[in-house]
1. At 1.4 Å probe radius, can you tell me the per residue accessible area of the stretch 28-96 in Å²?
2. Where Lys and Arg each count +1 and Asp and Glu each count -1, what net charge lies around Pro72 among other residues with Cβ under 15 Å from its Cβ?
3. Please report, in cubic angstrom per residue, the volume enclosed by the convex hull of the alpha-carbon atoms of the stretch 45-87.
4. Of all accessible surface on the stretch 28-96 at a 1.4 Å probe, what whole percent is carbon and sulfur?
Amino acid sequence: MAMSFSRVQGMLFLLLLPCLCSGQPAAPLPRFSTFLDPPNRVHLLWDHDEQELMTSELQIRATGWVAFAFSPRGGLPECDIVIGGAFPKGIFYFSVS
């Protein structure tokens, strides 16, 4: 389950790219966080501002793909699903349904 250093570098670059391109300072770190599983492989971080705009970050130590759902009632009906992953050569993909 260990990630290679080059893959971690690529992920960090992708996370920093919007800040580098926009000329804006990086957003502050989220104030709230929790691990979603006992081995601490899925880490959810979130915050909100005065206008109640919520930002979130999901950090997952995994290979292949992952899926995450947002639900108004805690179940799959009416939920929004995000699927993402990495191909072997470090190409990342995300899809929302």
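1. Values: 5520 Å² over 69 residues.
Normalised by residue count, the accessible surface of the stretch 28-96 is 80 Å².
2. Details: positive: Arg73; negative: Glu78, Asp80.
Taking every other residue near Pro72 into account, the sum is -1.
3. Details: hull volume 4.3 nm³, N = 43.
Dividing the Cα hull volume of the stretch 45-87 by its residue count gives 100 Å³.
4. On the way: 3380 of 5520 Å².
Exposed carbon and sulfur together represent 61 percent of the surface.
The values are calculated or read from the model by the stated rules, or taken from the named source; none is laboratory data. Note that the structure is predicted; figures quoted are calculated from it, not measured. Neighbour counts run over all protein chains shown; Cβ positions are idealised from the backbone, glycine included. Ligands, DNA and RNA are stripped out before the accessible areas are found, and what is left, the full protein with its side chains, is counted by its heavy atoms. Shrake-Rupley method; radii C 1.70, N 1.55, O 1.52, S 1.80 Å.
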